[in-house]
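Report on the structure given below.
The values are calculated or read from the model by the stated rules, or taken from the named source; none is laboratory data. This is a predicted model, so every value here is computed, not measured. Methodologically, a virtual Cβ is constructed for each residue, glycine included, from the backbone with ideal geometry; neighbour enumeration extends over all protein chains shown.
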Amino acid sequence: MRLLVTPDMTAGIPAPPSDSAPLWRYLTLEKFRSLVDGRELFFPHLAILDDRFEGAFPESQPLKIRALNMIGVRDLTSVAQVNLSPQLRQAWILARKWALVSCWHHSVHESDAMWRLYAADKRAVAIETTVGCLRAALGAPPPIPEGFFGSTTYEFGTVEYIDYSDGFIPPANLNAQFFRKRLEFRHEQEVRVLIARYPLGPDRTIRSDIEPSGKGMPCPVELGALVRRVIVAPGADDKYLNAVARSLAQVVPSACVERSSLDAAPNY
């Protein structure tokens with residue numbers, strides 16, 4: 001039994017919030033400058049992210065179960081014999097290696113936890129946008145290289161946080177598991193954008209003889225459509241705020257640069 005790449009790349013992906021839903025991206029100064037100067041949003045390969053469970057399945061979904069579910073078998077007692085290809089497990093490992101994601105925090109307000117996790121230095125920023133603005137800013141992804149298979153659009157989805165001891169991920173294609181994380185990460189309230197680009201062999205299985213080049217892929221982004229506000233890190237001084245404002249004004253004159261709400265003075 002082989003696991004083939006299926007044409008439906010969206011099956012099993014939880015729908016994203018509405019286009020008006022607010023999103024945040026917390027960035028170090030280095031990453032912010034890279035975004036502004038290059039006008040590109042970097043999509044890292046999923047496999048290099050910190051959580052080693054990225055792309056993994058719950059204990060309740062061993063290889064045989066999810067492989068049979070993927071081809072439509074639900075009643076395992078009806079299957080007399082199952083012979084799994086030795087390369088079957090590798091198909092999911094390879095998919096994890098090649099998937100590219102951009103991660104955003106869904107919230108109406110700033111998050112102290114997100115500042116601490118992703119931009120703890122005072123020389124950092126948070127970009128506020130919406131789902132709809134992010135869609136418009138990204139437009140269409142770069143063309144699929146020759147010899148690769150994947151979606152011709154960005155796949156937006158809400159990350160679902162599940163119990164990996166007994167949870168379930170619909171094994172509808174090779175992408176659904178990239179929108180699930182462990183319950184311990186639910187504070188991230190993540191909306192994720194996926195680019196699936198898989199090198200295919202002649203039998204439409206993912207090739208295992210080549211490796212991704214680099215840590216990910218930069219994708220063109222229209223900053224004027226993306227940026228609604230930029231917030232400087234809590235505790236940042238005036239000099240840093242003004243420097244960020246000058247940098248941003250060169251590419252997005254209409255964008256506001258503001259102090260963090262966490263710097264507000266308490267009323268005792």
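So the values come out like this:
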| quantity | calculated |
| --- | --- |
| Residue identified as crowded, with 16+ Cβ neighbours inside 10 Å, touching a residue at least 24 places away in the same chain (Cβ under 8 Å) and small (Gly, Ala, Ser) among Ser247, Ser208 | Ser247 |
| Selection within segment 50-81 - in a loop (DSSP other than H, G, I, E, B) and modelled with pLDDT under 70 | Ile71, Gly72, Val73, Arg74, Asp75, Val79, Ala80, Gln81 |
| Residue within segment 21-41 that is at positive phi and modelled with pLDDT of 95 or more present | yes |
| Identity of the residue in segment 244-268, among the small types (Gly, Ala, Ser) and more than 23 Å from Ser111 (Cα to Cα), that ends up modelled with the lowest pLDDT | Ser254 |
| Output for segment 170-193, where each listed residue is touching a strand residue (DSSP E or B) at 6+ places or on another chain (Cβ under 7 Å) and assigned to a loop (DSSP other than H, G, I, E, B) | Asn175, Gln189 |
| Residue list for segment 191-217, restricted to those being β-branched (Val, Ile, Thr), within 12 Å of Lys97 (Cβ to Cβ) and at pLDDT 85 or above | Ile210 |
| Candidate set from segment 148-168 (those that are modelled with pLDDT of 90 or more and among the small types (Gly, Ala, Ser)); member that is surrounded by the most Cβ atoms within 10 Å (Cβ to Cβ) | Gly157 |
| Subset of segment 245-268 that is in contact with an Asp or Glu (Cβ under 9 Å, 6 or more places away or on another chain) and not in a helix (DSSP H, G or I) - its residue that is nearest to Asp112 (Cα to Cα) | Ser260 |
| Odd one out for Thr129 among (1) closer than 20 Å to His45 by Cα; (2) at pLDDT 95 or above; (3) crowded, with 19+ Cβ neighbours inside 10 Å | (1) |
| Index of the failed condition, Pro171 passing every other in (1) within 26 Å of Arg25 (Cα to Cα); (2) of a type outside the set (S, T, N, Q); (3) modelled with pLDDT under 95 | (1) |
| Residues satisfying the stated conditions in segment 218-244, i.e. aliphatic (A, V, I, L, M), surrounded by 17 or more Cβ atoms within 10 Å (Cβ to Cβ), more than 25 Å from the chain's Cα centre (by Cα) and in a helix (DSSP H, G or I) | Leu241, Val244 |
| Segment 213-225, residues that are more than 19 Å from Ser20 (Cα to Cα) and touching a helix residue (DSSP H, G or I) at 6+ places or on another chain (Cβ under 6 Å) | Lys215 |
